[in-house]
Every structure is written in C-alpha cells, then in structure tokens.
1. The range 101-225: D in µm²/s via Stokes-Einstein (Kirkwood Rh, Cα pairs, 25 °C, 0.890 mPa s)?
2. With a cut-off of 8 Å between alpha carbons and a minimum separation of six or more residues, what is the relative contact order of the range 119-393 in percent?
3. Quick one: 3J(HN,Hα) in Hz for the range 355-372, Karplus 6.51/-1.76/1.60 with θ = phi - 60°, rounded, Gly and Pro as x.
4. Which order do the peptides 157-165, 140-148 take when ranked by the mean count of other beta-carbon atoms within 10 Å per residue, highest first?
5. Based on the alpha-carbon gyration tensor of the range 171-270 and its eigenvalue square roots a ≥ b ≥ c, which shape applies: rounded if a/c is under 1.5, prolate if not and a/b is larger than b/c, or oblate?
6. Would you mind ranking TRP264, TRP119, TRP196, TRP312 so that the residue whose beta carbon has the fewest other beta carbons within 10 Å leads the list?
7. Give me the mean projected area, in nm² to one decimal, of the convex hull enclosing the Cα positions of the range 119-393.
8. Residues of the range 273-297 with backbone nitrogen within less than 18 Å of a virtual label 7 Å along the Cα-to-Cβ line of ASN319, please, listed as ranges.
Amino acid sequence: MSPDRPVGALFRRFRERLAAERTAVANRTGGEPGSPTARGVGRADSGSRATGTGAGVGRTDAGARDAGLTPHPPRDAAPTVGRRRGGKGGRGGEQLTVPPAEFTSYYGRPVLKPPVWKWDIAAYLFTGGLAAGSSLLAAGGQLTGRPALRRAGRATSLAAVSASAYFLINDLGRPSRFHHMLRVAKLTSPMSVGTWILSAFGPAAGIAAVAEVAPRLPPHGVLGPVRRLLPPTGHAAGLVAAVTAPALATYTGVLLADTAVPSWHEAYPELPVIFAGSALASGAGVGLLAAPPGQAGPARRLAVAGAALELWGAHRVENRLGLLSEPYAAGTPGRLLRAGRALTAAGVAGAWLGRRSRLLSAASGGALLAASVCTRFGIFHGGVASARDPKYTVVPQRERADRGA
C-alpha cells in the first residue's frame, strides 16, 4: 500500500506500533528491521498465541514485555473499562468504544415538526374556557335568583362560543371540515369529542341567551306564546349548557397533552386543571364586571376556586417537569405566565376587598379576564417553543432509556 494513500486512524496507529515493535526487537537482537532475525524466525517462544514460533512482537506477551510494551489482554477476559451494550443483565453485547454522541439537529432543523397552529387556536383556548365559565356563572345566578349574573353569563357564553366556532373553522380552513368531523364519534380522539361537546354546548347556550329577550316581546299576538315559552325553555337550556361546561373547559387541555409536543405531552395531568381554573376565573371576571357588588357573591367564590386551581397547576407545570419546564419559564411564555399569576392574585384580592365598591369589583373582573388570556397564550407558546428545540425531545428520551437500562 502506498504510504501516501489515506488510511483510517485505527490502521495508521497499528502500522506505527508494528514499526516501533520491529525497531525495538532489531535493537535487542542486533538484526535489521524486517529481517528474519528481527521477525523472530527460527526462535522459540513458549506462550506464543500466534501461529508463528518466534518472539513475534505484537503477537505474544513475552515479545511485548521484551519490547517494553503493554501485553495484550487474554482474549477470554472481560474488559475492565468502558460500558457494554446489549445482553441480559449487562453481560455480553458490544463494548462501547466511543462516548455517547451529543444531541443535535439535522442540518439545523428541529427533531419534531412544530405545531402549525397560529394565534387563532390560542384564542380558541381562551374563548372556549370563557364560554364554559360564563355558563356556570349564569346557572349560579339562575339558581340563586340573581338576574344580573344570569343575563351577563348567558350573553357572554353565547358570544364566546360563537367566537370559538369562528376560530376553529378558521383554523380548519373550510366550514365543511367542521361538518365532516360530525360524521363520526371517536372517544379516543380529543378533537372528535371536543367537536361534539361544542356542538352540544353551542345550541344550549344560544337558546338560554335568546330567552333573555322574552320580556321585550309583546304579550299578545303571534309572539305572545313565544314570550311565555322562552323563559322555561331558557332555564332548561342554561342548565344543559352548565352540565356540558366542565367538559368544554378541560377538553382543550387533553387535546394539547395528546400531541407529541414535549412540554404539552409531559404536562398531561396539569393542563386540564389549569384550563378548568382559568375558565372559572374568566367566568368570575364577567360576573364582577357586569353585576352590582350585591349580586356578585357567586362570582367572588368562583374567582377563588378558579384561582386556586390555576395557580396550583401553573406551579406544577413550571417545577415538576424538570428540563421540560424551561419553555414555560423563559422568553414570551415565561413573561405571559408570570403576568397571569400576578393578575390572578390581584383579581382575587380586589374581588374580596371591593365587595362594596363597584369600581374595584369591575377592575378585579378585568384583571381575571386578562389573567386567563395570559395563561392560555403562555401555555400555547411554551409548547411551541419546546417543539422547536431538539434538546427537549432528545434529552428526556435518553433519560428514560437510561432509567430503563
């Protein structure tokens, strides 16, 4: 082989070692490198493991010791360094001769394809929770005889669910796709279940809101029977909307956790809790804005319950997930979630301190609504950030593999 021809690093080191061993033996025996004497031809050496009979430097332990080199380890001896891969209980398999490769992306591209959802889906997360919380507020006002809460909750619920339908259809691209999703009901698909929940909730919320215009209809004539039938029908529809509201508030959290996005998928126990708390807090904000302080008692209690769930879930997401908590604490998601916590705390404090102040109560309601927006958008952007960085995909996978080994 020509010396100028490029060879592998391992073969190059073998040639260099072989040349050094031949030179050492030649010096010891007085022969020329490469001569029969240097190669050990005609000399006996007990302990040779090779087919030759001479010292065979590099072939026998004796020749290696004479040359001042480290003897070869026995072929049946287990390696003393390195880690072996494969085999039951760590025995056998292939010995690792190189350190584990560092994670990287393929030509600068992420390992996962980031979600194609845009801001309209983040807005859909908020309006869906707002519709659910407002329907619960309206049901509370209906059952406790607080008409201001009932009217505000029903009107907001209809407006929010209409906005949700718009954002969802806008993301799907064509209205017919929403209709096509109603052809099947797949319980294992959060999107399919959510479509049916939205289809059941929307008409009920609409009937309950329309029932609020019954007192403005003429008592006689063609619209007289409609005026008499709308209130009881609206009460029943309002209760139906309130029954389906918890599913509407939480299914979006299940939908996000069902994806392969690392920081969403790993937070599957907390996301439905966060979204439920955010929905309750936003509904309470509507009540504090629209109802006088004397009728806002249920809204204040709803605000406390929603804030407790939302703050607990957000704390868990930002501290339990280890590396996957980083996207929720840095950059835009971190700023949004911190603002959401501050606004939630301020809204709850103002709701209870302003029980006799309409202005402070309304300000607290606005803070709770803003907190819900920040929380939903923060969770959304945190998941998108975790999908763009390959670190959040590769490192947790290696940790799980190491724990399994």
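1. Values: Rh = 17.3 Å.
In µm²/s, the coefficient rounds to 142.
2. Working: 500 pairs, mean separation 57.8, N = 275.
Dividing the mean separation by the residue count of the range 119-393 yields 21 percent.
3. 5, 10, 10, 5, 5, 5, 5, 5, 5, 5, x, x, 5, 5, 5, 5, 5, 5
4. Values: 157-165: 22.4, 140-148: 17.0.
Highest to lowest by the protection proxy: 157-165, 140-148.
5. Values: a/c = 3.69, a/b = 2.40, b/c = 1.54.
Since a/c reaches 1.5 and a/b is larger than b/c, the shape of the range 171-270 is classed as prolate.
6. Numbers: TRP264 26, TRP119 11, TRP196 18, TRP312 14.
Lowest to highest Cβ neighbour count: TRP119, TRP312, TRP196, TRP264.
7. Details: hull surface 60.8 nm².
That works out to 15.2 nm², a quarter of the Cα hull's surface.
8. Once the point is set 7 Å along Cα→Cβ of ASN319, 273-274 turn out to lie under 18 Å by backbone N, inside the range 273-297.
Values in this text are rule-based calculations from the coordinates and carry no lab data. Just so we're clear, the structure is a prediction, and the values are computed from it rather than from any experiment. Backbone-built Cβ (ideal geometry, glycine too); neighbour counts: all protein chains shown.
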